[in-house]
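The values are calculated or read from the model by the stated rules, or taken from the named source; none is laboratory data. On a predicted model such as this, the values are computed, not experimentally measured, just so you know. Backbone-built Cβ (ideal geometry, glycine too); neighbour counts: all protein chains shown. Side chains included, ligands, DNA and RNA excluded: accessible areas come from the protein's heavy atoms. Shrake-Rupley method; radii C 1.70, N 1.55, O 1.52, S 1.80 Å.
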Amino acid sequence: MKHPVFQNRVRLIVWWLIWLFLAAGQSLLFYFAFGSFSNIGVIDSLLSLLIYSGLALSLWYPFSFFNSSKPSVPVLVGNLVASGAVSVIIWVLVTKLIMQSILPEGNNYQAYYDATFSYRVGTGVFIYGLIILTYYLFISLTNLSEKNAKEARLESLVKETELKMLRSQINPHFLFNSLNSISSLTVTDPEKARTMVVKLSDFMRYALSRKDEQPVSLQSELDNLRLYLEIEKVRFGDKLTTEENIETNCLDFKLPVMLLQPLYENAVKHGVYESTETVRIITEARMIDGFIEIIIKNNYDTVPSLRKGTGTGLLNVTRRLELFYGNKASIKTTKENNIYTVTLYIPAGVS
């Protein structure tokens, strides 16, 4: 693990500010111990804590070594106590030697040193304890940050996998139906079969060229959905008609690729398939307060059908909305006056 203080500039600045604060506190403590103010005390506090701050920075390395092998508690405590004793002794001796070497002769540093010695040792032990606690705090925060990052990566991976699985349910379903239709048309109407193959080719090119969940514009989605509906029109002829009421400012709106596809498949499956009358699929889109409202509706035969849907298409779209937008997007379905309506609300600016 890298040294926590050197990982960014802010930590280094805070580190030195804390030592200045400690130096002020030590000067005040030594003032009471010595009984009077002395300029030597100020120099001594600044120099001694400058030395101790350097020792504290270097203590990180034995501290990391002691904890790297996950020793038993008694061994760890013994190592930390020994490290602390050596550090305090070195600090006290080095401070005294440097102070004596830089002060002029005839100074009273020895008297000052003797008067503050016990406080000096106590201060050293106290600061050493703070250093160890600080390093343990750094380790805990680092471990917590790494744990959160791993969980976020895992959650993202699970989400991505599920989105791919949901999307993979779309193409085969439509592809199998279309191939079956083409197979029938090759016997009854070869020209329509050829037209359908060309359109199916264009549709599949769009679907396969977008292999991830990168959002696409509504314009691209509508272009591809028109291809899909044109394929279905080849099969159903005048029985299927479409209508679009799209506000111009909606065309650049971003949404997951092929999100709307299952809804159109449902409209064809439960509307066109099961109706004896012409079915009109109407698509509307408008922007409302930072959301896009997309409405897909179609008329349907009110006579109960023997074919029951599994709800896979709606569940697919609902789940993809949840995974992509959380609880910010919604989908609603209604049946009224033999009109089946699906309404989606999708927030803008989420991708």
message = I'd like the full set of residues that are over 17 Å from residue 177 (Cβ atoms), at pLDDT 70 or above and crowded, with 17+ Cβ neighbours inside 10 Å, limited to the stretch 192-214.
response = 206
key: Restricting the stretch 80-96 to residues that are of a type outside the set (Val, Ile, Thr) and free of Cβ contacts under 8 Å to residues at least 24 places away in the same chain, the residue that is farthest from residue 52 (Cα to Cα)   = 82
request  = Could you please tell me which pairs satisfy a Cβ distance under 9 Å, a separation of 6+ or placement on different chains, a first residue in the stretch 114-125 that is in contact (Cβ under 8 Å) with a residue 40 or more places away in the chain, and a second residue that is surrounded by fewer than 15 Cβ atoms within 10 Å (Cβ to Cβ) and aromatic (Phe, Trp, Tyr)?
outcome  = 119/32
task = Select from the stretch 178-210 the residues that are outside any helix (DSSP H, G or I) and over 30 Å from residue 248 (Cβ atoms) and list them in ascending order.
result = 189
inquiry  = Testing residue 57 on (1) modelled with pLDDT of 85 or more; (2) open to solvent by 50 Å² or more (accessible area, probe 1.4 Å), one condition comes back false. Which one is that?
reply    = (2)
ask   = Using beta carbons and a limit of 7 Å, which pairs, at least six apart or on different chains, have the first residue in the stretch 218-237 and open to solvent by 30 Å² or more (accessible area, probe 1.4 Å) and the second one of a type outside the set (Asp, Glu)?
value = 219/251; 227/199; 227/203; 230/199; 233/240; 235/181; 236/272
Residue match in the stretch 244-253 (condition: in contact (Cβ under 8 Å) with a residue 12 or more places away in the chain, farther than 28 Å from residue 300 by Cα, of a type in the set (Phe, Trp, Tyr) and touching a strand residue (DSSP E or B) at 6+ places or on another chain (Cβ under 6 Å)) = yes
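Does the stretch 269-282 contain any residue that is free of Cβ contacts under 8 Å to residues at least 60 places away in the same chain and under 36 Å from the mean Cα position of the chain (by Cα)? Explain how you work it out, then say what you get.
Of the residues in the stretch 269-282, the ones free of Cβ contacts under 8 Å to residues at least 60 places away in the same chain are 269, 272-282.
Filter once more, keeping what is under 36 Å from the mean Cα position of the chain (by Cα): none.
No, that holds for no residue.
Out of curiosity, is residue 281 open to solvent by less than 20 Å² (accessible area, probe 1.4 Å), at pLDDT 90 or above, in contact with a Cys (Cβ under 9 Å, 6 or more places away or on another chain) and hydrophobic (A, V, I, L, M, F, W, C)? Please lay out each step first, then the result.
Working: open to solvent by less than 20 Å² (accessible area, probe 1.4 Å): yes; at pLDDT 90 or above: yes; in contact with a Cys (Cβ under 9 Å, 6 or more places away or on another chain): no; hydrophobic (A, V, I, L, M, F, W, C): yes.
Against the criterion (open to solvent by less than 20 Å² (accessible area, probe 1.4 Å), at pLDDT 90 or above, in contact with a Cys (Cβ under 9 Å, 6 or more places away or on another chain) and hydrophobic (A, V, I, L, M, F, W, C)), residue 281 does not qualify.
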key: Enumeration of residues in the stretch 319-332 that are in contact with a strand residue (DSSP E or B) (Cβ under 9 Å, 6 or more places away or on another chain), free of Cβ contacts under 8 Å to residues at least 60 places away in the same chain and buried (at least 16 other Cβ atoms within 10 Å of the Cβ)   = 325, 329, 331
task = Enumerate the pairs (first residue in the stretch 136-150 and in a helix (DSSP H, G or I); second residue anywhere and open to solvent by 90 Å² or more (accessible area, probe 1.4 Å)) with beta-carbon separation below 8 Å, excluding pairs fewer than 6 apart on the same chain, so at least 6 apart or on different chains.
result = 139/1; 142/1
query = If residue 316 passes every condition in (1) at pLDDT 90 or above; (2) among the polar types (S, T, N, Q); (3) within 23 Å of residue 204 (Cα to Cα) but one, which one does it miss?
reply = (1)
request  = Among residues belonging to the stretch 81-106 that are open to solvent by less than 30 Å² (accessible area, probe 1.4 Å) and modelled with pLDDT of 90 or more, point out the one that is farthest from residue 135 (Cα to Cα).
outcome  = 95
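Find the residue count for the stretch 238-295, including only residues that are hydroxyl-bearing (Ser, Thr, Tyr) and part of a strand (DSSP E or B). Write out each step before concluding.
Going residue by residue through the stretch 238-295, those that are hydroxyl-bearing (Ser, Thr, Tyr) are 241-242, 248, 264, 273, 275-276, 278, 283.
So of that shortlist, the ones also part of a strand (DSSP E or B) come out as 241-242, 283.
The total comes to 3.
How many of the residues making up the stretch 7-39 are part of a helix (DSSP H, G or I) and open to solvent by less than 50 Å² (accessible area, probe 1.4 Å)? Please lay out each step first, then the result.
Let us first name the residues in the stretch 7-39 that are part of a helix (DSSP H, G or I), namely 7, 9-34, 39.
With the extra rule that they be open to solvent by less than 50 Å² (accessible area, probe 1.4 Å), the set shrinks to 15, 19, 22-23, 25-27, 30, 33.
So the count comes out to 9.
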ask   = Which condition does residue 335 not pass, out of (1) in contact (Cβ under 8 Å) with a residue 40 or more places away in the chain; (2) more than 25 Å from residue 181 (Cα to Cα), if it passes all the others?
value = (1)
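Would you say residue 71 is out of contact with any strand residue (DSSP E or B) (no Cβ under 7 Å at 6 or more places or on another chain), open to solvent by less than 30 Å² (accessible area, probe 1.4 Å) and not hydrophobic (A, V, I, L, M, F, W, C)? Steps first, please.
On the way: out of contact with any strand residue (DSSP E or B) (no Cβ under 7 Å at 6 or more places or on another chain): yes; open to solvent by less than 30 Å² (accessible area, probe 1.4 Å): no; not hydrophobic (A, V, I, L, M, F, W, C): yes.
Judged against the criteria, residue 71 is not a match.
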Selected residue (only one of 48, 64, 53 is hydroxyl-bearing (Ser, Thr, Tyr) and either outside any helix (DSSP H, G or I) or in contact with a Lys or Arg (Cβ under 9 Å, 6 or more places away or on another chain) (or both)) = 48
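Restricting to the stretch 284-301, give me the number of residues that are surrounded by fewer than 17 Cβ atoms within 10 Å (Cβ to Cβ) and either of a type in the set (Ser, Thr, Tyr) or modelled with pLDDT under 90 (or both).
If we filter the stretch 284-301 for residues that are surrounded by fewer than 17 Cβ atoms within 10 Å (Cβ to Cβ), which is where we start, we get 286-290, 293, 295, 301.
From what's left, either of a type in the set (Ser, Thr, Tyr) or modelled with pLDDT under 90 (or both): 289-290, 301.
Counting residues in the stretch 284-301 that are surrounded by fewer than 17 Cβ atoms within 10 Å (Cβ to Cβ) and either of a type in the set (Ser, Thr, Tyr) or modelled with pLDDT under 90 (or both) gives 3.
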